[in-house]
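A short write-up of the structure that comes next.
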Amino acid sequence: MSDLKAIDVMNYPSQCVSGLVDWGKWDEFQQMARSTFMTVFPTGRFPDAPGFPKDPVEEKVYKRTYGTLFNPYKTIEEMIQDMDKLGYDKICVTATKMWSYRRHFDMIFDFTVEQIRKIMDIAGDRVIGAAGYNPFRIEESLKEIEIAVKEFGFKYVYFHPITFGLSVNDKRCYPLYAKCNELEIPVGMQVGHSAEPLPSWVGHPVDIDEVAIDFPHLKINLSHTGWPWIDEWCSMLWKHPNVYGDISAYMPKSLDERTVRFMDSPRGRNKVMFGTNGLGLKVCLDQFKSLELEEETKARILRENAVEFFALED
């Protein structure tokens, strides 16, 4: 495994560029720090909270989160150096867009393809660019995706339908699938529950069934394991040749045993991909390598499945 160069399929520009997210502005993120991310931030506050760090405990938390989307690398070059040291070939950086479904009716994540392109200008082919999609601004989003792919060399679109209160088979998502199918690039989306206080009831992985049947040649990534509907997630990956999934947003040591069992089986090892979701390149890779998995499984998940999914040269 020491010679295997990992590919991280899920990351954000805020991991290596400061100031792109105002974590203190949106109470969705503040609640997340006190609930689903409480193990990452045991003090219940993000590093950019007023007066942070206020004591030795918060100082320790701050240092521990360096190089994550909450506490980014000082430079893009520093991130690349860390990738080299840790054994990463590429990371995918996404122009994710998230809408505040109830509280603000505003974009709480609104990364742009221009921000990703600037990272790619420095990082070169070490970064896989991924455009985003706003299902409330369909025409504008499709134009931006086409520019990102044809002019900037992006290879992927990742979007967040559940934060808009939409399921993956909603009619407002279908123009995106048609455009990705036309451009011959894969598409990915979050399924499962939302870490923030945003809609989870539309996150059922099984809803991709209709999409995968309608677009049998479109490669689709169901991101974030589909928890708590893990069996649905496994079923869709197993059933559809064009449907993959990733384990990002969860520390590998905390993955549900059903997920681990599936990805170490002949049904799942060729369909699951590795990702960190900005939680830390080192800790996530170290934890994944420590899992009791077949060596073939680790090789497939850490690299080979992503090579196939993104149609990369290996």
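List of remarks:
- Calculated FRET efficiency for the pair PHE105/LYS54, C-beta based, R₀ 35 Å, to 0.05: 0.60
- Lysines with Cα under 27 Å of LYS171, excluding same-chain neighbours fewer than 8 positions away: LYS97, LYS143, LYS150, LYS155, LYS179, LYS219, LYS239, LYS271
- Each Cα pair under 8 Å and six or more residues apart adds its sequence gap; the mean of these over the residue count of the stretch 181-275 is a relative contact order of 26 percent.
- Close Lys pairs in the stretch 1-95, defined as Cα atoms under 21 Å apart and 8 or more places apart or on different chains, number 9.
- With both residues required to sit in the stretch 1-119, DSSP beta bridges show an antiparallel share near 50%.
- Distance between modelled label sites at HIS217 and ARG261, nm, 7 Å Cα→Cβ extension: 3.8 nm
- Cα gyration tensor category, rounded, prolate or oblate, for the stretch 52-139 with a/c compared to 1.5: oblate
- Of the residues GLN30, ILE138, VAL113, the one whose Cα sits farthest toward the positive end of the charge dipole of the stretch 1-144, with +1 on the Cβ of Lys and Arg and -1 on the Cβ of Asp and Glu, is GLN30.
- Value of D in µm² per second that Stokes-Einstein yields for the chain, Kirkwood Rh from Cα pairs, at 10 °C (1.306 mPa s): 82 µm²/s
- Placed amide H near PHE159: partners under 5 Å, 5+ positions off or other chain: GLY188, MET189, GLN190
- The stretch 89-183 - Kirkwood radius from inverse mean 1/r over Cα pairs (Å): 13.6 Å
- For the stretch 205-314, taking Cα atoms only, Rg and Dmax work out to 13.1, 39 Å respectively.
- Tail fraction, Cα-Cα pairs, the stretch 1-153, threshold 22 Å, whole percent: 48 percent
- Modelled FRET efficiency - R0 30 Å, MET38 with ASP231, Cβ distances, 0.05 increments: 0.70
- Contour excess over end-to-end distance, with Cα ends at ASP82 and LYS25 and 0.36 nm allotted per residue: 17.5 nm
- Under the criterion of Cα pairs below 8 Å and six or more residues apart, the relative contact order for the stretch 1-100 equals 45 percent.
- Taking 13 Å as the cut-off, the amide N atoms of the stretch 139-172 that come nearer than this to a point 7 Å along the Cα-to-beta-carbon line of TRP201 belong to 165-167.
- Working from Cα pairs under 8 Å separated by at least six residues, relative contact order for the chain is 17 percent.
- Given in Å, the Rg to one decimal and the Dmax to the nearest whole number for the Cα atoms of the stretch 102-247 are 14.9, 40.
- Helix-derived mean residue ellipticity, 222 nm - over the chain, DSSP H n ≥ 4, -39500 (n - 2.57), to 500: -9500 deg cm²/dmol
Read the figures in this text as sums done on the coordinates, not as results from a lab. This is a predicted model, so every value here is computed, not measured. Please note: Cβ atoms are built from the backbone with ideal geometry, for glycine as well, and neighbour counts cover all protein chains shown.
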